[in-house]
1. Of everything in the stretch 106-123, what is touching a residue at least 40 places away in the same chain (Cβ under 8 Å) and either aromatic (Phe, Trp, Tyr) or part of a loop (DSSP other than H, G, I, E, B) (or both)? Give them in sequence order.
2. For Ala86, indicate whether it is touching a helix residue (DSSP H, G or I) at 6+ places or on another chain (Cβ under 9 Å) and among the hydrophobic types (A, V, I, L, M, F, W, C).
3. If you take the residues in the stretch 85-101 that are in contact with a Ser or Thr (Cβ under 8 Å, 6 or more places away or on another chain) and of a type outside the set (Asp, Glu), which one is nearest to Leu38 (Cα to Cα)?
4. For the stretch 78-87, give me each residue that is open to solvent by less than 40 Å² (accessible area, probe 1.4 Å) and within 12 Å of the chain's Cα centre (by Cα).
5. Go through Glu74, Glu83, Glu41 for me and flag whichever is of a type outside the set (S, T, N, Q) and modelled with pLDDT of 95 or more.
6. Filter the stretch 88-105 down to residues that are open to solvent by 50 Å² or more (accessible area, probe 1.4 Å) and either among the charged types (D, E, K, R) or in a helix (DSSP H, G or I) (or both), then give me how many there are.
Amino acid sequence: MKTNRILPIACALVLAGLSGAALAQRDPAYQAARSQGLIGEQPDGYLGIVGAPTPDLRALINNINIQRKAKYTESAASGATVEQLAFTSGCNLILKTVPGEKYMTPAGVWKTRTAAAPDRDPRCV
């Protein structure tokens, strides 16, 4: 199937693009929210708010998620869907969390990353 060959290439392009975006996201407010466990990576490729949202936290997350969706949409022209790209990115972003950071499991439960591998969707490769 053509999409199966294109998807890994498209995902690599998205992740390369997110690497640059990820550096831009590392502003003090983002870093503080991430290290305090207020936000975390979700399986769908977007950031989520772990606890009670504040207007500032919601604005920060919305801004980052808009940037991510723009990257997924831009890369979708290569043959994969936005949803496929977002899911694959979510798999990889959760894998890249470090101990102490939050991530959402496939069951929709927020967990704190330990030294062990995170719980990811079985479709993640």
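The values are calculated or read from the model by the stated rules, or taken from the named source; none is laboratory data. Remember, predicted model here, so these are calculated numbers, not experimental data. Please note: Cβ atoms are built from the backbone with ideal geometry, for glycine as well, and neighbour counts cover all protein chains shown. All accessible areas refer to the heavy atoms of the entire protein, side chains included, with ligands and DNA or RNA removed. Shrake-Rupley method; radii C 1.70, N 1.55, O 1.52, S 1.80 Å.
1. Correct list: Pro106, Trp110, Arg120, Asp121.
2. Numbers: touching a helix residue (DSSP H, G or I) at 6+ places or on another chain (Cβ under 9 Å): yes; among the hydrophobic types (A, V, I, L, M, F, W, C): yes.
When the stated conditions are applied, Ala86 passes them.
3. As a first pass, look at the stretch 85-101 and keep what is in contact with a Ser or Thr (Cβ under 8 Å, 6 or more places away or on another chain): 85, 99-101.
Narrowing the set further to residues that are of a type outside the set (Asp, Glu) leaves 85, 99-100.
On the way: Leu85: 25, Pro99: 15, Gly100: 11 Å.
If we take residues in the stretch 85-101 being in contact with a Ser or Thr (Cβ under 8 Å, 6 or more places away or on another chain) and of a type outside the set (Asp, Glu), then Gly100 is nearest to Leu38 (Cα to Cα).
4. Passing the criteria: Leu85, Ala86.
5. Matching residue, one of Glu74, Glu83, Glu41: Glu41.
6. Within the stretch 88-105, the subset open to solvent by 50 Å² or more (accessible area, probe 1.4 Å) is 95-96, 98-99.
Subset that is either among the charged types (D, E, K, R) or in a helix (DSSP H, G or I) (or both): 95-96.
Of the residues in the stretch 88-105, 2 are open to solvent by 50 Å² or more (accessible area, probe 1.4 Å) and either among the charged types (D, E, K, R) or in a helix (DSSP H, G or I) (or both).
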